[in-house]
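Presented below is the structure to which this report refers.
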Amino acid sequence: MIYDASIRYRLLKDRLFKISLGVLSCILLMPLLFILYYIFINGITAFSFDFFLELPKPVGEAGGGISNAIVGTLLLIAVASTISIPFGVLIGLYLSENKTGKLPDITRLCIDTLQGIPSIVMGIIAYTWIVIPLGSFSLFSGAFALSLMMIPLISKSTEETLNLIPDALKEAAYALGAPYHTTLLRVIIPSGKSGLCSGILLGVARVSGETAPLLFTAFGNPFMSVDLFKSVNSLPLLIFNYATSPYQDWQNLAWGASLLLVLFVLSLSLIAKVVSKR
Amino acid sequence: MLNLTQKTIRSVELKESLFKKLLVLSGLVVVFLMSGLFLTLFTKSLLSISHSGFSFLTSSTWDPVKETYGALPFLLGTLITSILALLISLPFSAALSIFIGEYLKEGFWTTVLNSSIDLLAGIPSVIFGFWGLFVVVPIIRKIELFLGIIPHGVGILSSSIILALMIIPYSASISREVISLVPQDIKEAALSLGATPFEMVTKVILPYAKSGIFAGFLMSFGRAISETMAVTMLIGNSNKIPSSIFSPANTLSSVIANEFAEAAEAEYLSSLIELALVLFFVTAFFSLVGRFIIKKWMVNA
Amino acid sequence: MSKNSVVLEVEKLNLYINDHHILKDIDIAFYKNKVTAIMGPSGCGKTTLIRSVNRLNDLIPGLKSTGSLSLNQQNLLELNPIQVRREVGMVFQRPNPFPTMSIYENVLAGYYLNGIKLSKDDKERIVTESLQQAALFDEVKDNIHRKGTFLSGGQQQRLCIARALAMNPKILLLDEPTSALDPKSTASIEQLIIELKSKVTIIMVTHNIGQASRVSDFTAFLYLGELVEYGPTQTLFTNPKHTKTEEYLTRKFG
């Protein structure tokens, strides 16, 4: 054995390195746990029947709830999903079916760019394309801005999922005489079902906390509204408006809304994880 | 042949070609959407471009009342907050990705750390901002009092700290993936030559994964620049060029969030849209270059 | 040979992928209710040849083929691939049952994917018959509505055979159907092939010289895209006319 005087020093360095990595990682855990704790402690006190069922009350009156924002958020997500899921899946299908070529490459580049665009810019686009022509803020324009963000997410996860499906299945379907569209819709898509679903759920989770694209589109509304062409409130908008207000009551509602939103987003990502493992 | 009439074959052929066209159409729509998006930003900025010209990027005065639109304070504000956030997050995301990617590949603590990253990534921006207002801002205010400077609380430092927390999951997950792509055999080769894990990480893995990690930083930087809500709530909305990291400032996205809804004059609105155009170019640049480098690296790896 | 009736006649089949000439002037006739083995070293074009029969080669970009493959006096190259594939079943190297479908649905997959509606009685009959023909019925009859993924490799391959048989094909193509299986499963598939030829004409690609001699009636030997020799298996194996065939059979190359 060669005796190396420095070996003890090297091992020490290695141990120090490992410890410092662990310490840094744990330091990172602390604010995270603290954020969750803080939201939970402040939010849970706001939870009550009224919180879920009532409308916000004017400043000074106690109580009130955020039912309009809950309904608004669900509606925004529903409309945005209706636009972006079929479209995103089709694009993903197109890209996984056409791995090379000019148009697929350009489409891929556009999807990548679209994904990198700041959410506030999507708000401006929805404002100029929909709010200005229709003359008012609306649920539809907000949902459109959200769907602009969902489309790249869904199409990329669809493409990645479908790329993993072995060609053997496609050949098996063709060999039985199945036409192109049936092969894709009845064999390929069902085979990637769990991956597709989890991608969609993650896309929904991602946009349901978005505020910036809603600022000049859905705009917010103190009343209950289910009209596609009227302004509507949403949880993130309500949090933004109430968090920056000077009133304790409103801040409390905002904490409650934050807890609700975090629970919603986290359970969506949890479901997505469970679905993708199947 | 036997049980297939010419009619059914023709209808199947028609459906096949329609379906193929539908797929191509979906690709085309994306391209149109993207070009439309860019053209909209561009045409709506034209008024501002002709009004302010090049001084839009160099002038330090943003005063809608006097119709002077200079975006320099916002450019600097964006740059400083994002760089600071990146610097704060760097040791943590690096430690995290090496720790999970190389040391603790499985086990209880890996699961804890991994799910924490996922949790952190799942918290909406507006809630980070809210929490920052109530927890980080008071702390910064105390520090400012202690240092004897004006205790704004809100400002570049507060935003950067929150921004750092927000980009850690993103950059950590990219670098974790890059590290996991380093081939097992060169790691084993290093160990078999008597290297300690530390030496293997610093002398083999990191040099090998260098460009991939660099790309991850570019993409995280793009993320930091495009982040809006938390920064809007914490930066303090000042249209002056920041003088220190404690100063209130504004970023490209926060000024849009704050002023877009109240901009009535055409030139004001157009100037804000030009800010969005600049933001679009900057973020697209970072995310595309980052993606390009990563793709190239993955092909080589 | 004259007492055999020809089912599929291949004449002057040439196939190119971009500039590569893959199959060169292939002339071969396949006989009804016989097993024909196609042999040759890797890359000689045997898989390409059988994929021409059910037009699966159409998926390859840059492909061009000339000549004719006549089945029922019709040139397969001029028909829609869908028409061709209903008459020609195929089983692949690796078992590929559809993972989203149950055993029952897998057998009926051809009908389902072609949008053909069947009555419940027809479904039951087709599933039972096809599984019986594929010698799988007794093993799976209690689990017929479960996903096929729990089956062994050999059972999965027999499920794929049942799936192809369910469409009542005139020709069954087998592309090295046992190359991914263990010896026991291989033996059962070989036995099955011999039983099946009374119902369907079989064309199989195989690497395994022993397998060809055990199950096939005719053997074709391909080399570098050309048909070197074709004849009754016994004649070809005992008395090859070409030196290339002899060298291959005595494992001098390939």
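Conditions (1) free of Cβ contacts under 8 Å to residues at least 60 places away in the same chain; (2) in a helix (DSSP H, G or I); (3) over 23 Å from B:SER125 (Cα atoms), marked per residue:
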site	(1), (2), (3)
B:LYS240	no, no, yes
B:PHE246	no, no, no
B:ALA249	no, no, no
B:SER253	no, yes, no
B:ALA257	yes, yes, no
B:PHE260	yes, yes, no
B:ALA264	yes, no, yes
B:GLU267	no, yes, yes
B:LEU277	no, yes, no
Inset, instruction - Quick one: which helices (runs of 4 or more DSSP H) lie wholly within region B:102-174 and hold at least 1 residues that are more than 9 Å from chain A (Cβ to nearest Cβ)? - result: B:108-122, B:137-147
Inset, instruction - Tell me, please, whether a residue that is surrounded by 19 or more Cβ atoms within 10 Å (Cβ to Cβ), within 12 Å of chain B (Cβ to nearest Cβ), within 26 Å of A:SER231 (Cβ to Cβ) and of a type outside the set (Ser, Thr, Tyr) can be found in region A:149-156. - result: yes
Inset, instruction - Go through region B:9-51 and give me each residue that's among the hydroxyl-bearing types (Ser, Thr, Tyr) and within 27 Å of A:PRO86 (Cβ to Cβ). - result: B:SER11, B:SER17, B:SER26, B:SER35, B:THR40
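Here's the yes/no breakdown for (1) among the charged types (D, E, K, R); (2) modelled with pLDDT of 95 or more; (3) surrounded by 14 or more Cβ atoms within 10 Å (Cβ to Cβ):
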position: C:ARG125; (1), (2), (3): yes, yes, no
position: C:GLN133; (1), (2), (3): no, no, yes
position: C:VAL140; (1), (2), (3): no, no, yes
position: C:ARG146; (1), (2), (3): yes, no, no
position: C:PHE150; (1), (2), (3): no, no, no
position: C:GLY154; (1), (2), (3): no, no, yes
Legend entry - Index of the failed condition, B:TYR103 passing every other in (1) under 30 Å from C:ILE82 (Cα atoms); (2) of a type in the set (Phe, Trp, Tyr); (3) at pLDDT below 90: (1)
Inset, instruction - Report those strands (runs of 3 or more DSSP E) wholly inside region C:11-124 carrying at least 1 residues which are within 14 Å of chain A (Cβ to nearest Cβ) and among the β-branched types (Val, Ile, Thr). - result: C:88-91
Inset, instruction - Return yes or no: is A:SER234 under 27 Å from A:ILE165 (Cβ atoms) and either surrounded by fewer than 24 Cβ atoms within 10 Å (Cβ to Cβ) or more than 8 Å from chain B (Cβ to nearest Cβ) (or both)? - result: no
Legend entry - Members of region C:240-254 that are modelled with pLDDT of 85 or more and among the hydrophobic types (A, V, I, L, M, F, W, C): C:LEU249
Inset, instruction - Please work out which one of (1) in contact (Cβ under 8 Å) with a residue 40 or more places away in the chain; (2) touching a helix residue (DSSP H, G or I) at 6+ places or on another chain (Cβ under 6 Å) is the condition C:THR178 fails and give its number. - result: (1)
Inset, instruction - Please go through region A:96-129 and pick out each residue that is more than 22 Å from the chain's Cα centre (by Cα) and under 22 Å from B:LEU277 (Cβ atoms). - result: A:ILE106, A:THR128, A:TRP129
Inset, instruction - Go through region A:19-64 and count every residue that is more than 28 Å from A:TRP255 (Cα to Cα) and out of contact with any Pro (no Cβ under 7 Å at 6 or more places or on another chain). - result: 5
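Give B:LEU39, B:LEU57, B:LEU33, B:LEU28 a once-over and let me know the one that is more than 23 Å from the chain's Cα centre (by Cα), in a helix (DSSP H, G or I) and surrounded by fewer than 18 Cβ atoms within 10 Å (Cβ to Cβ). Before you say what the answer is, go through the steps one by one.
Values: B:LEU39 fails: more than 23 Å from the chain's Cα centre (by Cα); B:LEU57 fails: more than 23 Å from the chain's Cα centre (by Cα); B:LEU33 fails: more than 23 Å from the chain's Cα centre (by Cα).
Within the list B:LEU39, B:LEU57, B:LEU33, B:LEU28, the selection yields B:LEU28.
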Legend entry - Total residues in region B:7-22, condition facing another protein chain (nearest Cβ under 9 Å) and either in contact with a Leu (Cβ under 8 Å, 6 or more places away or on another chain) or of a type in the set (A, V, I, L, M, F, W, C) (or both): 5
Legend entry - Residue within region A:195-202 that is at negative phi, within 12 Å of chain B (Cβ to nearest Cβ) and either not hydrophobic (A, V, I, L, M, F, W, C) or not in a helix (DSSP H, G or I) (or both) present: no
Inset, instruction - Go through A:ILE35, A:ILE19 for me and flag whichever is surrounded by fewer than 12 Cβ atoms within 10 Å (Cβ to Cβ), among the aliphatic types (A, V, I, L, M) and outside the structural domain of A:LEU266 (by TED's automatic domain parsing). - result: A:ILE19
Inset, instruction - Just give me the residues in region B:60-76 being in a loop (DSSP other than H, G, I, E, B) and buried (at least 17 other Cβ atoms within 10 Å of the Cβ), in sequence order. - result: B:GLY70, B:ALA71
Inset, instruction - Any residue in region A:223-250 that's not assigned by TED's automatic domain parsing to the domain that holds A:LYS57: show its pairings with residues that are part of a helix (DSSP H, G or I) and at pLDDT 95 or above at Cβ separation under 8 Å, as long as the two are six or more apart or on different chains. - result: none
Inset, instruction - Count, please, the residues in region A:96-108 that happen to be more than 19 Å from B:SER35 (Cα to Cα) and either at the interface with chain B (Cβ under 9 Å from one of its Cβ atoms) or assigned to a helix (DSSP H, G or I) (or both). - result: 3
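Could you list, in sequence order, all residues of region B:228-238 that are in a loop (DSSP other than H, G, I, E, B) and small (Gly, Ala, Ser)? Break it down into steps so the answer makes sense when it comes.
Going through region B:228-238, the residues in a loop (DSSP other than H, G, I, E, B) turn out to be B:228, B:235-238.
Correct list: B:GLY236, B:SER238.
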Inset, instruction - Provide a single number: the residues in region C:92-143 that are farther than 24 Å from A:LYS170 by Cβ and among the small types (Gly, Ala, Ser). - result: 2
Inset, instruction - Go through the residues of region A:109-132 one by one and say whether even a single one is more than 11 Å from chain B (Cβ to nearest Cβ), over 23 Å from B:PHE285 (Cβ atoms) and part of a loop (DSSP other than H, G, I, E, B). - result: no
Inset, instruction - Take region A:158-189 and flag every residue that is within 7 Å of chain C (Cβ to nearest Cβ) and either among the aliphatic types (A, V, I, L, M) or outside any helix (DSSP H, G or I) (or both). - result: A:ALA168, A:LEU169, A:ALA172, A:ALA173, A:ALA175, A:LEU176, A:GLY177, A:ALA178, A:PRO179, A:VAL187
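Is it the case that region A:140-157 has a residue that's part of a loop (DSSP other than H, G, I, E, B) and either over 15 Å from the mean Cα position of the chain (by Cα) or among the hydrophobic types (A, V, I, L, M, F, W, C) (or both)? Can you show your working first?
Narrowing region A:140-157 to residues part of a loop (DSSP other than H, G, I, E, B): none.
No, every residue in region A:140-157 fails to be part of a loop (DSSP other than H, G, I, E, B) and either over 15 Å from the mean Cα position of the chain (by Cα) or among the hydrophobic types (A, V, I, L, M, F, W, C) (or both).
Which of the following residues is surrounded by 14 or more Cβ atoms within 10 Å (Cβ to Cβ) and either within 30 Å of A:PRO190 (Cα to Cα) or aromatic (Phe, Trp, Tyr) (or both): A:LEU29, A:LEU75, A:LEU139? So that I can check it myself, show each step before the final result.
On the way: A:LEU29 fails: either within 30 Å of A:PRO190 (Cα to Cα) or aromatic (Phe, Trp, Tyr) (or both); A:LEU139 fails: either within 30 Å of A:PRO190 (Cα to Cα) or aromatic (Phe, Trp, Tyr) (or both).
Of A:LEU29, A:LEU75, A:LEU139, the one residue that is surrounded by 14 or more Cβ atoms within 10 Å (Cβ to Cβ) and either within 30 Å of A:PRO190 (Cα to Cα) or aromatic (Phe, Trp, Tyr) (or both) is A:LEU75.
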Legend entry - Extreme residue, nearest to the chain's Cα centre (by Cα), among residues of region C:181-225 that are within 12 Å of C:ALA37 (Cβ to Cβ) and among the aromatic types (Phe, Trp, Tyr): C:PHE218
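Yes or no, residue by residue, for (1) surrounded by fewer than 19 Cβ atoms within 10 Å (Cβ to Cβ); (2) modelled with pLDDT of 95 or more; (3) under 30 Å from C:GLY110 (Cβ atoms); (4) facing another protein chain (nearest Cβ under 8 Å):
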residue	(1), (2), (3), (4)
A:SER191	no, no, yes, yes
A:ILE239	no, yes, no, yes
A:TYR247	yes, no, no, no
A:PHE264	no, yes, no, no
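The values are calculated or read from the model by the stated rules, or taken from the named source; none is laboratory data. Predicted model, so just to flag it, every value in this text is computed and none were measured. Because the Cβ atoms are built from the backbone with ideal geometry, glycine has one as well, and the counts that use them run over all protein chains shown.
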